[in-house]
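The values are calculated or read from the model by the stated rules, or taken from the named source; none is laboratory data. Predicted, not measured: the structure shown is a model, and the values here were computed from it. Because the Cβ atoms are built from the backbone with ideal geometry, glycine has one as well, and the counts that use them run over all protein chains shown. Note: areas computed on protein heavy atoms with side chains; ligands, DNA, RNA excluded. Shrake-Rupley method; radii C 1.70, N 1.55, O 1.52, S 1.80 Å.
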Amino acid sequence: MSKHDAGHKARKRFGQNFLQDESIIRRIIRAINPKPEQHMVEIGPGLGALTEEILDLTGALDAIELDRDLVPILRTKFFNYGDQFTVHEADAMRFDFQQLIQDDRPLRIIGNLPYNISTQLIFHLLSHSHIIEDMHFMLQKEVVLRLAAGPGENNYGRLGIMAQYYCKVENLFLVPPGAFHPAPKVDSAIVRLVPYKTLPYPAKDHKLFQQVVRTAFGQRRKTLRNNLKELIDSDALERIGIDPNLRPERLSLADFVKISDYLADLKG
Ligand code: SAM
């Protein structure tokens, strides 16, 4: 039984793989670098392997945990931290992060996320990016590669474009399966997402931009001409300097914004 075990049996349906490697835990905390004046939010604290280290360094920590059996374990374990620590028994996918804001202090979000919900959760958080200072996540390695990929790379697609529209994305380091109990079947990695205060490529209509990206990647193997035919014809694509015979993974973020802005102007 490890220091973080507390007799709790890991539940597969909640994606529970608890961190147990102390040197990896320290490395993650160094990367996050919590400060006393900051407001941290941890998604899926589990048995508190990261929580404990962060509480020692920061002023306020809100934790969001779905597994109701873990909530009392966390409350007991961190009772001594008083008001500094609050655990919310909630589903992070439906959680309103705005309610945590006090004194206009932006949130620093961290989480060793359950891998089955990680991409949906990141999309949910991107919609709150104006109240977030930064996010550090442990994810399946492939998801980190998708978040950080640029045009022409294998993993480049909707997730990376949407993340890079709102945030600077950094792939920090790999974490092997042996760092967890039970060990997952896949490699993991830590990613840092820092929302831009001013977007480098702001679209005139954010919703339309999202729709263009989603539609363009409807079928990866097809060209823009095919995927986008309901939204924009190939002559118009050519007029704005985009080759309709390209596949969507060749286009940069700025190209997608260009298509979206053209459509926004048409709508008036
Ligand atoms: N942070 C801990 C660690 O590093 O050892 C636990 C990580 S474990 C991979 C994922 C945690 O997220 C579990 O505690 C699980 O119960 C919790 N969880 C799963 N789905 C969740 C959701 N939708 N909202 C909040 N927490 C969730």
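Computed quantities for the displayed model
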| item | result |
| --- | --- |
| Criterion violated by Gly59 - all others in (1) within 12 Å of the ligand (Cβ to nearest atom); (2) modelled with pLDDT under 95 satisfied | (1) |
| Filtered residues of the range 217-259 (kept if part of a helix (DSSP H, G or I), among the small types (Gly, Ala, Ser) and surrounded by fewer than 15 Cβ atoms within 10 Å (Cβ to Cβ)) | Ala254 |
| Flag if Pro72 is exposed (fewer than 13 other Cβ atoms within 10 Å of the Cβ) and closer than 27 Å to Pro184 by Cα | yes |
| Index of the failed condition, Gly160 passing every other in (1) under 17 Å from the mean Cα position of the chain (by Cα); (2) open to solvent by less than 50 Å² (accessible area, probe 1.4 Å); (3) within 16 Å of the ligand (Cβ to nearest atom) | (3) |
| Every residue from the range 10-26 that is near the ligand (Cβ under 10 Å from one of its atoms), assigned to a helix (DSSP H, G or I) and more than 13 Å from Asp69 (Cβ to Cβ) | Ile24, Ile25 |
| Test: residue in the range 158-167 that is at pLDDT 95 or above, within 27 Å of Ile110 (Cα to Cα), in a loop (DSSP other than H, G, I, E, B) and assigned by TED's automatic domain parsing to the domain that holds Pro106 | no |
| One residue from Ala31, Ala63, Ala10 being crowded, with 20+ Cβ neighbours inside 10 Å and either among the hydrophobic types (A, V, I, L, M, F, W, C) or in contact with a His (Cβ under 7 Å, 6 or more places away or on another chain) (or both) | Ala63 |
| Tally, over the range 113-141, of residues that are open to solvent by 50 Å² or more (accessible area, probe 1.4 Å) and out of contact with any strand residue (DSSP E or B) (no Cβ under 9 Å at 6 or more places or on another chain) | 4 |
| Tally, over the range 148-157, of residues that are in contact with a helix residue (DSSP H, G or I) (Cβ under 7 Å, 6 or more places away or on another chain), of a type outside the set (A, V, I, L, M) and open to solvent by less than 30 Å² (accessible area, probe 1.4 Å) | 2 |
| Checking Thr86 against (1) open to solvent by 40 Å² or more (accessible area, probe 1.4 Å); (2) farther than 21 Å from Leu57 by Cα; (3) polar (S, T, N, Q); (4) within 15 Å of the ligand (Cβ to nearest atom), the condition it does not meet | (2) |
